[in-house]
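*Asks:* This structure is in structure tokens; I'll ask about it shortly.
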Amino acid sequence: MYKKTNRKKSAFSFFIIIVLILIFSLLTGTAQAGTETLITTNTSASSETFPAISGNWIVWTDSRNEDTFGSRDIYAYNVVTGDERRVTPPGSIADHPSISGNTIVWDDFRSEDFDIYAYNIDTGIETQVTNNPDNQDYPAIDGNLVVWQDNRIGDSDIYLFDLSVGIEQLLTLDTAGSDQTIPAISGNYVVWQDERNGDPDIYLLDLTGRIEHLLTPDTIGSSQTSPAISGNHVVWQDDRNNPNVDIYVNDTTSWNKDKVNDVPGVSEKVLPSISGSNVVWIDTGNPDIYLKNLTSGSDTRITNDLALLSTGDGGPKISGNRIVWTDMRNGNNDIYMYTIGPDQTCPVADFSMSAQSGTIPFSVSFSDKSLPATVSYRKWEFGDGNISTDQNPSFTYNIPGNYDVRLTINNEYCRDETPVSNMHKISVGSAPVASFTTNVTSGMVPLPVKFTDTSVAATAWNWSFGDGTYSTLPIVEHIFTDGGTYTVVLNSSNTYGYSHAQTTIQALTGANVNADTMIDGITISTPFGSPFLTYDITKLIGPVNSGTTLISTSPPLLDHGWQNITFISNDGIGFKLDGTLIMGNISSVILLIKEINPVGFSTSTGIMSSINYSVTLPSYPTGATLNTQVWEGDTSDDRNAFNTIASRAGYSYIWGIAYTTKITKTNFPAGGTAKLHMSVNSTWVDRLNGRAHTYVERISDDRSTGEVLQSRFLYNDSATNLDYFEIDSPHGFSTFGLSQLSGSGNPLQLITLSVVSHVSQQDNSGGSDSPGTVAGPGKAPAMVQNANPPQAQLAPPDIGKTEKIYANANGVVTQATLLQSTDQRAQLAIGTGVVAKDSTGSPLASVTLTALPPESLPPVPSSSIYTFAGMAYDLGPDDATFSPAISLSFAYPPNAQWGQEFTVKTFDPQSGTWQDLITTYDASTGKITALIDHFCCVALFAKPITSVTPVPKAITAVQMKAPLETPAPPPPGTALNFFIGMMAWVTDLVIKNVYILAIVIILGIAYFVKKRRYPGSGL
């Protein structure tokens, strides 16, 4: 009986293990397999928005040809053939394209009113669909049927045009006094957003019998917007579960409605699109794009950690297994595509050429070196307007000049293009194109830098290093011995002329110290299979040995860079003295580096700032070295990483970085628990966000991940005016930035900085057309030594969001407008009946909402009891007026304290002062709303909560020693936020994976059955 019961217990335990493994795989397996690619390659200086897709064709709005009149074009791209074309003629102001089969439609302001145009891809013929004095915009198409919103009779209505017969129809009859907008069409069904009942609803019209259906009854007091349709399924965004916004679906075969997304209450789900049974939408929490199949599957994240989405440039669109969207990860808006299915390896464009410079006529042979070679289409551009689609073409240049050659490749999953660079430049009978690379652009003095000429067609060189020294060699190494910023210039020449290129070298001062473990008197062996210490007390005198702990503070340790080293033995025997030797098994070791005092720091950061750190390892690392470099401020490369870490960990801004510490390991084990002690001028701390917002950001050695580390304030040294902080780093040493962050984020969340991504190569060369861009392969990050670390926004400067205003000749708004800021934290609402005029008294055409960085704000008087609360916006156009006043709402700041008072202020440029606006707070929505009757700069301000700061205990010594035990960190100050976040995470995972819930129930049933059948079994 005992053996039988034991076998059953073993089987049941095995069952539990299998179930736990299954649960873990479900929890970590929520990513949709597929391939992502950048569609709009080499458009870094322009903005591409509002994509649409049908089959193999993608269309979008494109500003690459923008002029002073704000012209925009529609571009189309075929993912199979690689054909990209400009659809609209010069002078177009086109937007909001839609596509079905071979027909593209869009709205266009080229005639000073928005009209609908159509373009046939096969014939290349453009057709003007509408020609009315009022606006027709936001078209949609399916087959030959085009629908759009139209305000020709005052209110906005839905019209339809049949391209095959040329007949136009008004679809929304008997809807006077209300607006019908944002139509979509599939087959004989047309859906739209309708305000005839007050709040927006979704209506459907069956064209076959002209039967109209209200799809969203019983939703009074809520809004249903942004409909999309495919076949019998209609989807839309719905806030009936306010404050949640969800995606709903209606099946027209049964008229049943259901919520699409699995997880409620975490964030808003908006801008859905549907194709067949697949629905996609934006989840504004990160934000990310999610996919769900209506017949199977759960919410699945499509976008990776690099994606940077907004909801103002068109939502995602889906056709078959392809999804397209607008993405700002590269600085400007680009179009990306994701193909659902097995992950594909995308080819990377590259080529070589037989020669790079010569005299006319100059013939060049080009060879495609793209890898892997799964390329279905190639397009060579030779820089003079000529192109070729051959794999390895030849071309002859007959006119002198410098030409940029580009190769674009694609297959049905991916697209890539070679960057414009000197490596791909042809020079024919012309002055050289100067450029060079450096192995580093910054570092601690003495700083050796290797300069390598990469000029095109140069025969002579002249270097000026900015410190009074020169060279005429093409490749030269120069040592910068004094700290400072040096402008290095290369003048390249040939018989036709000369050109120059330059870069900046930062020679840094601060600290550059080494520590090593090659210490005479410490010997590590493994006679019994585990690390064994032999410590010679004649060479390292004065150790403190408690048996389980051996602490060495011998002076020779300082020569090797250590303050002390602690050996720990937990084997029950400990360390034993045998003559002049102390011996024992090592369970762990703590190494504490001696205090580092950087030189050359500014008074703002603290001229006496210091740092030391310790690390706990399982064994003593023999033959290892640590190099520690400390400099004020941060490097440009590190700042980008720090910004990404802070943003994705939930913080709003980096207010400043006092200094950066980079620890480089040689033969040193990865990982280990590190503890850092950092000090900084308390004025720097108080001037920014205070001690509670002082953190350390960490970048991993391979720069693939990072995290925000919580700091613990230890004490203030009044003699030096330094604040001392302690920081735990659970992932060991690497690069650290002592930072001031705004907002309430998630410390210790591991952030992905880089992923395997199929994107174009970066331009690594520079020349006379781009002075200063001289990086080459292996370029080191540019360090910026800054006496006053700048306040910086996490994201690139906001380009703003703009919405058109629908108003009559008297400026009376005829269609309500909602404009949400790029960061999703502010919303401008303009209702119908408001008189909106610009500074000249004319009807207002559009409004713009642009986030402002904190450093650009006018100063707040020191006597003011209010401080800036992290949100500021420029409302445009300047001096626009509204009667009655319109509303601007702010989301409640994530770092707000209970009971804190907020107010919205506008800056009056005439008096140079901030003035209060009428401000209200709605606890049910978490919105802070102000009334605005004219446009200018506005910002949210908070009244600090008065609190008593406890007086720290007197500290008798500044020197910090390594603790024998790592104290547990105090409870986080935002425990409620962590609890809510954890519960949301658990809810998210369980609901997203309904199988988990079923498995947990099975486990519970099995457990109780086991208890009843085998009481006392311990299970």
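*Asks:* Under a Cβ-only charge scheme (Lys and Arg +1, Asp and Glu -1), can you give me the dipole magnitude of the stretch 34-340 about the Cα centre, in debye to the nearest 20? Numbers along the way, then the final one.
*Replies:* On the way: 17 positive and 47 negative charges, 173 e Å.
For this selection, approximately 820 debye.
*Asks:* Rolling a 1.4 angstrom probe over the protein chains, ignoring ligands and nucleic acids, what is the accessible area of SER704 in square angstrom, nearest 10?
*Replies:* Answer for SER704: close to 30 Å² accessible.
*Asks:* Then there's this: Considering just Cα atoms, how many Å³ per residue does the convex hull of the stretch 436-508 enclose? Present the calculation step by step, with values, prior to reporting the outcome.
*Replies:* Details: hull volume 4.9 nm³, N = 73.
Value for the stretch 436-508: 68 Å³ per residue.
*Asks:* Using the heavy atoms of the protein chains alone and a 1.4 angstrom probe, what is the accessible area of the stretch 537-742 per residue in square angstrom?
*Replies:* The answer is 33 Å² per residue.
*Asks:* With equal scatterers on the alpha carbons only and no solvent term, can you work out the Debye log10 of I(q)/I(0) for the stretch 391-439 at 0.20, 0.24, 0.26 1/Å?
*Replies:* -0.84, -1.00, -1.07
*Asks:* Let me ask something additional. How many nm separate the modelled label positions at ASN304 and ASN242, each set 7 Å beyond the Cα in the direction of the Cβ?
*Replies:* Modelled inter-label distance: 4.0 nm.
*Asks:* If we restrict to alpha carbons, what Rg and Dmax does the stretch 537-742 come to, in Å?
*Replies:* Using the Cα atoms of the stretch 537-742, the pair Rg, Dmax is 18.7, 61 Å.
*Asks:* Taking N as the number of residues in the stretch 801-942, what is its alpha-carbon radius of gyration divided by 2.2 N^0.38 Å? List each step's numbers first, then the result.
*Replies:* Numbers: Rg = 15.0 Å, N = 142, 2.2 N^0.38 = 14.5 Å.
Normalised Cα radius of gyration, the stretch 801-942: 1.04.
*Asks:* Could you calculate the contour length gain from ASP559 to ILE475, that is, 0.36 nm times the residue separation minus the distance between their Cα atoms, to one decimal place in nm? Write down the numbers at each step before the final one.
*Replies:* Details: separation 84, 0.36 × 84 = 30.24 nm, distance 3.82 nm.
Fully extending the segment from ASP559 to ILE475 adds 26.4 nm.
*Asks:* Here's something else I'd like to know. Sticking with the crude label model, points 7 Å out along Cα→Cβ, report the distance from SER388 to THR523 in nm, one decimal please.
*Replies:* 7.1 nm
*Asks:* Related question: Between ASN132 and VAL835, what FRET efficiency follows from the Cβ-Cβ distance if R0 is 25 Å, with the result rounded to 0.05? Walk me through the numbers before you get to the answer.
*Replies:* Values: r = 24 Å, r/R0 = 0.97.
The computed FRET efficiency comes out at 0.55.
*Asks:* Between ASP686 and GLN749, 0.36 nm times their residue separation minus their Cα-Cα distance comes to what?
*Replies:* Values: separation 63, 0.36 × 63 = 22.68 nm, distance 2.61 nm.
Additional length available on full extension: 20.1 nm.
*Asks:* Follow-up. How do LEU857, LEU214 stack up against each other in accessible area, from largest to smallest, with a 1.4 angstrom probe?
*Replies:* Numbers: LEU857 25, LEU214 70 Å².
Correct descending sequence by accessible area is LEU214, LEU857.
*Asks:* Okay, next question. Using +1 at the Cβ of each Lys and Arg and -1 at the Cβ of each Asp and Glu in the stretch 351-429, identify which of PHE395, THR374, MET353 lies farthest towards the dipole's positive end.
*Replies:* MET353
*Asks:* Additional query: For the stretch 471-522, restrict the atom set to alpha-carbon positions and state the Rg and Dmax in Å.
*Replies:* 19.5, 68
*Asks:* Still on this structure, please answer the following. Could you state how much accessible area PHE907 has, in square angstrom rounded to the nearest 10, with a 1.4 Å probe and all protein chains kept in place?
*Replies:* Counting only protein heavy atoms, PHE907 exposes about 40 Å² to solvent.
*Asks:* State the answer as a single residue: which of GLY912, GLY833, PRO861 lies farthest towards the positive end of the charge dipole of the stretch 801-942, with beta carbon charges of +1 for Lys and Arg and -1 for Asp and Glu, about the Cα centre.
*Replies:* GLY833
*Asks:* May I pose another question? Where the only charges are on Cβ atoms (+1 Lys, Arg; -1 Asp, Glu), what is the dipole of the stretch 673-739 about its Cα centre, to the nearest 20 debye?
*Replies:* Numbers: 6 positive and 9 negative charges, 19 e Å.
Around 80 debye, computed over the stretch 673-739.
*Asks:* Label-point separation (nm) for THR208 and MET353, each offset 7 Å from Cα along Cα-to-Cβ?
*Replies:* Label at THR208, label at MET353, 6.1 nm between them.
*Asks:* Mind giving me the FRET efficiency for ASN398 and THR495? R0 is 25 Å, r the Cβ-Cβ distance, nearest 0.05 is fine.
*Replies:* Working: r = 19 Å, r/R0 = 0.78.
With R0 = 25 Å, the Cβ-Cβ based efficiency is 0.80.
*Asks:* Does the stretch 423-470 come out rounded, prolate or oblate by the C-alpha gyration tensor, with a ≥ b ≥ c the root eigenvalues, rounded set by a/c under 1.5 and, if not, prolate when a/b is larger than b/c and oblate if not? Let's see the in-between values first.
*Replies:* On the way: a/c = 4.29, a/b = 2.01, b/c = 2.14.
Here the stretch 423-470 falls in the oblate category.
*Asks:* Any idea what diffusion coefficient the stretch 296-404 gets from Stokes-Einstein, in µm²/s, Kirkwood Rh on alpha carbon pairs, 10 °C, 1.306 mPa s?
*Replies:* On the way: Rh = 17.7 Å.
Answer from the Stokes-Einstein relation: 90 µm²/s.
*Asks:* Sort GLU48, GLU477 by accessible area with a 1.4 Å probe, largest first.
*Replies:* Values: GLU48 0, GLU477 120 Å².
Ranked from most to least accessible, the order is GLU477, GLU48.
*Asks:* Could you work out the per residue convex hull volume over the alpha carbons of the stretch 317-366, in cubic angstrom? Show your work: numbers first, answer last.
*Replies:* Working: hull volume 8.8 nm³, N = 50.
Here the figure is 177 Å³ per residue.
*Asks:* Just check the stretch 203-352 against the gyration tensor rule for me: Cα atoms, a ≥ b ≥ c as the square roots of the eigenvalues, rounded for a/c under 1.5, and otherwise prolate or oblate depending on whether a/b exceeds b/c.
*Replies:* Details: a/c = 2.18, a/b = 1.66, b/c = 1.31.
It is prolate, given that a/c is not under 1.5 and a/b is the larger ratio.
*Asks:* In units of 2.2 N^0.38 Å, what is the alpha-carbon radius of gyration of the stretch 34-340? Mind dumping the intermediate values first?
*Replies:* Numbers: Rg = 18.4 Å, N = 307, 2.2 N^0.38 = 19.4 Å.
Cα-based Rg divided by the globular estimate yields 0.95.
*Asks:* Can you check what the net charge comes to around VAL599, using other residues whose Cβ is under 14 Å from the Cβ of VAL599 (Lys, Arg +1; Asp, Glu -1)?
*Replies:* On the way: positive: none; negative: ASP482, GLU595, GLU632.
Surrounding charge for VAL599 is -3.
*Asks:* Provide the FRET efficiency to the nearest 0.05 for the ASN439-ASP174 pair, computing r from the beta carbons and using R0 = 56 Å.
*Replies:* Working: r = 75 Å, r/R0 = 1.33.
So the FRET efficiency works out to roughly 0.15.
*Asks:* I've got another one for you. Putting +1 on Lys and Arg Cβ atoms and -1 on Asp and Glu Cβ atoms, find which of THR81, GLY124, GLY312 reaches farthest to the positive end of the dipole of the stretch 34-340.
*Replies:* The residue sitting most towards the positive pole is THR81.
*Asks:* Now a separate question. Sum up the charges of everything whose Cβ sits under 12 Å from the Cβ of SER729, counting Lys and Arg as +1 and Asp and Glu as -1, but leave SER729 out. Don't skip to the end; give the middle numbers.
*Replies:* Details: positive: LYS675, ARG698; negative: GLU697, GLU707, GLU726, ASP728.
Cβ neighbours under 12 Å give a net charge of -2.
*Asks:* Counting C-alpha atoms alone, how compact is the stretch 351-429: give Rg to one decimal and Dmax as a whole number, in angstrom.
*Replies:* Reported Rg and Dmax, both Å: 12.6, 41.
*Asks:* Using the Karplus curve 6.51 cos²θ - 1.76 cosθ + 1.60 with θ = phi - 60°, work out ³J(HN,Hα) for each residue of the stretch 131-143 in order, rounded to whole Hz, and write x for Gly and Pro.
*Replies:* 8, 10, x, 9, 8, 10, 8, 6, x, 9, 9, 8, x
*Asks:* Let me ask something else. Restricting things to alpha carbons, find the Rg to Rh ratio for the stretch 58-148 using the Kirkwood radius for Rh.
*Replies:* Numbers: Rg = 12.4 Å, Rh = 13.1 Å.
Taking Rh as the inverse mean 1/r over Cα pairs, Rg/Rh reads 0.95.
*Asks:* Another question, then. To make sure I understand the rule: partners must be aspartates and glutamates, Cα under 14 Å from the Cα of LYS665, and not fewer than 8 residues away in the same chain. Which ones qualify?
*Replies:* ASP516, ASP701, ASP702
*Asks:* I need the fraction of alpha carbon pairs in the stretch 135-275 separated by more than 19 Å, rounded to a whole percent.
*Replies:* On the way: 4800 of 9870 pairs.
Everything past 19 Å amounts to 49 percent.
*Asks:* Relative to the Cα centre, what is the charge dipole magnitude of the stretch 602-696, using +1 at the beta carbon of each Lys and Arg, -1 at the beta carbon of each Asp and Glu, and rounding to the nearest 20 debye? Mind dumping the intermediate values first?
*Replies:* Details: 7 positive and 5 negative charges, 40 e Å.
Value, rounded to 20: 200 debye.
The values are calculated or read from the model by the stated rules, or taken from the named source; none is laboratory data. Note that this is a predicted model, so its numbers are computed, not measured. A quick note on method: Cβ atoms are made from the backbone with ideal geometry, for glycine too, and the neighbour counts reach across all protein chains shown. These accessible areas exclude ligands, DNA and RNA; they are computed on the full protein's heavy atoms, side chains included. Shrake-Rupley method; radii C 1.70, N 1.55, O 1.52, S 1.80 Å.
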